[in-house]
Amino acid sequence: MWAELLPVGRSASSGGYRRHAWNGADAECRAWFEQQARDRGLQYERDRNGNQWAWLGDPAGEGAIVTGSHLDSVPDGGAFDGPLGVVSSFAALDELRGRGARFARPLAIVNFGDEEGARFGVACVGSRLSAGVLTPEQARELRDADGVRLPDAMERAGQDPTAIGADPGRLARIGAFVELHVEQGRYLAEDQPVGVASAIWPHGRWRFDFHGEANHAGTTRIEERRDPMLTYATTVLAARKKARLAGALATFGKVAVEPNGTNAIASLVRGWLDSRAADEAVLTELVEQIRQAAAERGERDGVKVELVRESYTPVVDFDGPLRDRIAATLGGAPVLPTGAGHDAGILASAVPTAMLFVRNPSGVSHSPAEHAELPDCLAGVSALADVLEDLACQ
């Protein structure tokens, strides 16, 4: 399975993956998922939001145990973030069948769509729509960098965009969702290949618009310029300093410039801030401090600063009894928090959710250098199989 997925959406120049929602590579990944389901005799379906499901047992049954993750990527992302969870879910089912497990509940494997938000700017679109966190009206307004609307991209890929929306009936039939994921850090102990998540830090994405005045780079005197690039640059530095002082995280990882000419002063700079903290109050205060720093510098530069919150996820504490049960099933596996968002975090308000982390020796993620060793991946499969057997089998 792993070998089949490896070439899909991989850039020859960077070695990273460009599996963005509703594009060609995404379609290949979806076809792969459907084939894996059918090869195992599972009942395959796509829900109203484009999420893919592979069912063992009655999809209409109560108390289903669900596992899975996502197959899309950030721009030039790694091979493990998302796909490891989906591949491991199919492999765990194979292992359970090899053990002769007798299932007492329906079991499903899911591939949630557009988890990374790389194309339309909002993470976890598939799970947010299903949970009612993202409304159909909000989703229909999302556009990619080329101006393509999300509904149009879905329709071109064969998904009915008029049907998107909350899916409370489906979620009500789920007894628990367990997502396996490569660790996006390096906190697991050297002798522990698998850990259990305790919580997800609150996090969000904010767009800063810096409005200046376009002009000639060679003829406009310094004192007459209204250069938004200066305000943007100062804001990036301020974000780093204020995040460090707050014990939090703030990253400007995406920027768009107009008119984007080498010999032109920009008229508009848009910068996207990703910020995370262990506490919601700290995160709120941090973003406000960054906004103030941007506004103060903007006054000096003659630049107007606007701030738009594009997405926000509050702190997620995973279901305590489920977490403790899983840790005990795995013989006292370490329990650790994460600063990364996941579909499991979105569903946590509606469904008991939990996460397993597979050790990442480098700690690198969202990069072609992302990696997990094969023995650790196999340990993750066995751990997931143990958890599913405890939750879904007699």
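Rule-based calculations on the coordinates, nothing more; no lab input. These numbers come from a predicted model, not from an experiment. Cβ atoms come from the backbone with ideal geometry, glycine included; neighbour counts cover every protein chain shown.
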Practice task
Grab the other residues whose beta carbon is less than 15 angstrom from that of Ala101, score K and R as +1, D and E as -1, and report the net.
Solution key: 0
Completion exercise
Asserting the computed 222 nm helical MRE of the chain (DSSP H runs at least 4 long, -39500 (n - 2.57) per run, divided by residue count, to nearest 500) equals -10500 deg cm²/dmol
Handout entry: Arg149-Arg309 FRET efficiency (beta carbon distance; Förster radius 25 Å; 0.05 resolution)
Key = 0.75
Completion exercise
Charge tally for neighbours of His20 with beta carbon under 14 Å away, counting Lys, Arg as +1 and Asp, Glu as -1, is -2
Practice task
Give me the Kirkwood hydrodynamic radius of the stretch 213-343, using the inverse of the mean 1/r over all pairs of distinct Cα atoms, in Å to one decimal.
Solution key: 17.4
Completion exercise
Mean-square fluctuation maximum in Gaussian network of the chain, Cα pairs under 10 Å, restricted to Gln292, Gln36, Gln184, hits Gln292
Fill in the blank from the handout: Taking the convex hull of the alpha-carbon atoms of the stretch 122-204 and averaging its shadow over every direction gives an area in square nanometres of 8.2
Practice task
Please identify every one of the GluC sites (Glu not before Pro) in the stretch 173-206 that sits in a loop by DSSP and has no more than 13 other beta carbons within 10 Å of its own beta carbon.
Solution key: Glu190
Exercise for the section: Pick out which of Ser73, Ser198, Ser88 has the largest mean-square fluctuation in a Gaussian network model of the chain, springs linking Cα atoms closer than 10 Å. Expected result: Ser198
Problem - Where chymotrypsin sites (Phe, Trp or Tyr not before Pro) fall in DSSP loop in the stretch 3-46, at most 12 other Cβ within 10 Å - result: none
Problem - Candidates Leu286, Leu245, Leu378, ranked by Gaussian network fluctuation over the chain, Cα under 10 Å, top entry - result: Leu245
Handout entry: Where N is the number of residues in the stretch 130-274, Cα Rg divided by 2.2 N^0.38 Å
Key = 1.50
Exercise for the section: At q = 0.22, 0.24 Å⁻¹, work out log10 I(q)/I(0) for the stretch 86-167 with the Debye formula, treating every Cα as an identical point scatterer and leaving solvent out; two decimals please. Expected result: -0.99, -1.12
Handout entry: Dipole axis of the chain (+1 Lys, Arg; -1 Asp, Glu on Cβ), positive-most option in Pro136, Ser349, His181
Key = Pro136
